[in-house]
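Student: Dropping the structure in here first, questions after.
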Amino acid sequence: AKREGKNTMVFYNNAMKENITEEERIKEYLIEALRHDGFEMVYQPKVDPSNDLVIGYEALVRLKDRRYSPNIFIPIAESNGLISELSRQITEKVIKQLAAWQKAGEKLYPVSINYSPAQIYDRGYVAYLAQTLSKYHIDARYLRVEITESLMMEDMSATNKLFEDFAHLGILTLIDDFGTGYSSLSYLMHLPISIVKIDKSFIDHYLVPGKESFIENMIKMLKDLDKMIVVEGVEEKWQKDKLNEYGVDAIQGYFYSKPLLPDDVLIFQHQHQ
Ligand code: C2E
Ligand code: CA
Ligand code: CA
Ligand code: CA
């Protein structure tokens with residue numbers, strides 16, 4: 001048994017070492033990408049299912065070379081002190097893109113960016129956002145911020161302050177990944193949150209035959225609270241039709257479109273406006 005235990009130890013140590021090296025490697029890769037403009041943004045349309053018109057976009061970050069997906073590199077950026085710099089680069093890229101579209105005479109729609117819980121320690125972020133909007137002459141109503149439920153549970157008072165700061169700038173905030181954390185009705189009622197985005201996993205679990213009434217009731221409740229409702233990860237027409245019947249305001253998912261590079265955004269937009 002002793003011997004087995006020893007072997008197990010060795011095994012764990014090697015596995016841990018391998019993981020650490022892999023994380024280290026990705027971290028170094030991210031540092032290089034931050035230095036050499038190695039990131040770009042893609043934009044996924046949010047569409048009103050009642051008329052198929054675009055109402056906005058979510059900006060999602062990519063490595064230009066697609067070496068790692070955001071599900072891999074965002075958590076590593078968060079745990080290695082890189083998320084502040086990355087988020088600032090993302091913010092500037094999105095606002096710059098809005099300015100380019102505006103200059104080209106395109107109609108602007110609100111674009112939302114993701115706020116990482118790890119950014120709560122970046123005290124200057126809200127000011128940076130405000131400065132960048134004014135630098136590029138972009139109205140705050142064209143920028144929105146998606147904040148996950150989990151942050152609110154971690155630090156209620158810091159989150160409160162954050163929501164107030166954004167509201168003060170005229171920036172609308174969305175609750176992201178709704179239905180994956182410990183959703184509380186009280187924060188929905190008391191924080192200045194006007195939009196709720198229901199997570200894909202929630203749809204996958206509950207938008208199935210025989211269980212629809214749960215999601216239908218949740219949507220009813222959110223509407224009673226005057227929340228605008230976006231549903232993420234909708235891939236099939238019957239899902240879109242059901243959600244439209246329940247009265248959701250917007251659908252974001254492969255059914256309408258994958259996240260797109262800027263030129264393709266315009267092609268999509270011209271077909272849906
Ligand atoms: P998220 O914020 O929940 O973003 C939605 C994710 O669902 C995106 O994955 C999107 O491409 C994917 N998705 C949308 N519709 C569908 C669908 O119909 N089917 C399927 N299978 N997937 C769909 P993505 O871009 O890989 O991003 C993954 C996560 O990485 C995001 O989840 C977010 O937490 C994080 N992330 C991505 N971009 C950023 C960013 O710019 N900043 C921060 N802080 N996090 C980001
Ligand atoms: Ca999001
Ligand atoms: Ca999600
Ligand atoms: Ca998320």
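The values are calculated or read from the model by the stated rules, or taken from the named source; none is laboratory data. Treat the numbers as computed from the prediction; the structure is a model and nothing was measured. Here the Cβ positions follow ideal geometry from the backbone for every residue, glycine too, while neighbour counts run over all protein chains shown. Side chains are part of the model used for accessible areas, which takes the heavy atoms of the whole protein and leaves out ligands, DNA and RNA. Shrake-Rupley method; radii C 1.70, N 1.55, O 1.52, S 1.80 Å.
Student: In region 209-263, which chymotrypsin sites (Phe, Trp or Tyr not before Pro) are in a loop and have at most 14 other Cβ atoms within 10 Å, using DSSP for the loop call?
Tutor: Here the chymotrypsin sites (Phe, Trp or Tyr not before Pro) that fit, given the DSSP loop and packing criteria, are 254.
Student: As a test, work out the antiparallel percent of DSSP beta bridges whose residues both lie in the chain, rounded to the nearest 5.
Tutor: Close to 35 percent.
Student: Given the protein chains as shown and a 1.4 Å probe, how many square angstrom of residue 153 are accessible, to the nearest 10?
Tutor: For residue 153, the solvent-accessible surface is approximately 80 Å².
Student: To continue, here is another question. Using helices alone, what [θ] at 222 nm do you get for the chain, with -39,500 (n - 2.57) per DSSP H run of 4 or more residues, divided over all residues and rounded to the nearest 500?
Tutor: -16500 deg cm²/dmol
Student: Here's another thing I want to ask about it. How large is log10 I(q)/I(0) at q = 0.16 Å⁻¹ when the Debye formula is applied to the Cα atoms of the chain, each weighted equally and without solvent?
Tutor: -1.32
Student: Which value, in Å to one decimal place, does the Kirkwood hydrodynamic radius take for region 165-273 when every pair of different Cα atoms is included?
Tutor: Final number for the Kirkwood radius of region 165-273 is 15.1 Å.
Student: Taking a probe of 1.4 angstrom, what is the accessible area of residue 96 in Å², to the nearest 10?
Tutor: 110
Student: Follow-up question, since we're still on this one. What chymotrypsin sites (Phe, Trp or Tyr not before Pro) does region 105-154 have in DSSP loop regions with at most 13 other beta carbons within 10 Å?
Tutor: Here no loop site has a sparse enough neighbourhood.
Student: In Å³ and rounded to a whole number, note down the convex hull volume per residue for the Cα atoms of region 127-198.
Tutor: 83
Student: Separate question: Using a cut-off of 15 Å between beta-carbons, work out the net charge of the residues near residue 193 (Lys and Arg +1, Asp and Glu -1, residue 193 not included).
Tutor: It works out to a net charge of -4.
Student: Roughly how far apart, in whole Å, are the Cα centres of region 153-228 and region 27-59?
Tutor: About 21 Å separates the Cα centre of region 153-228 from the one of region 27-59.
Student: Also: Using square roots of five times the C-alpha gyration tensor eigenvalues, list the equivalent-ellipsoid semi-axes of region 83-240 in whole Å, biggest first.
Tutor: 29, 20, 14
Student: OK, next. I'd like the accessible area for residue 139, computed on protein heavy atoms only with a 1.4 Å probe and all protein chains in place. Round to 10 Å², please.
Tutor: It works out to around 70 Å².
Student: At 1.4 Å probe size, put 53, 225 in order of accessible surface, largest to smallest.
Tutor: Largest accessible area first, the residues go 53, 225.
Student: Largest first, how would 159, 180 line up by accessible area (1.4 Å probe)?
Tutor: 180, 159
Student: Need one number: convex hull volume per residue for region 218-273, Cα atoms only, in Å³.
Tutor: Spelled out: Cα convex hull of region 218-273, divided by residues, is 91 Å³.
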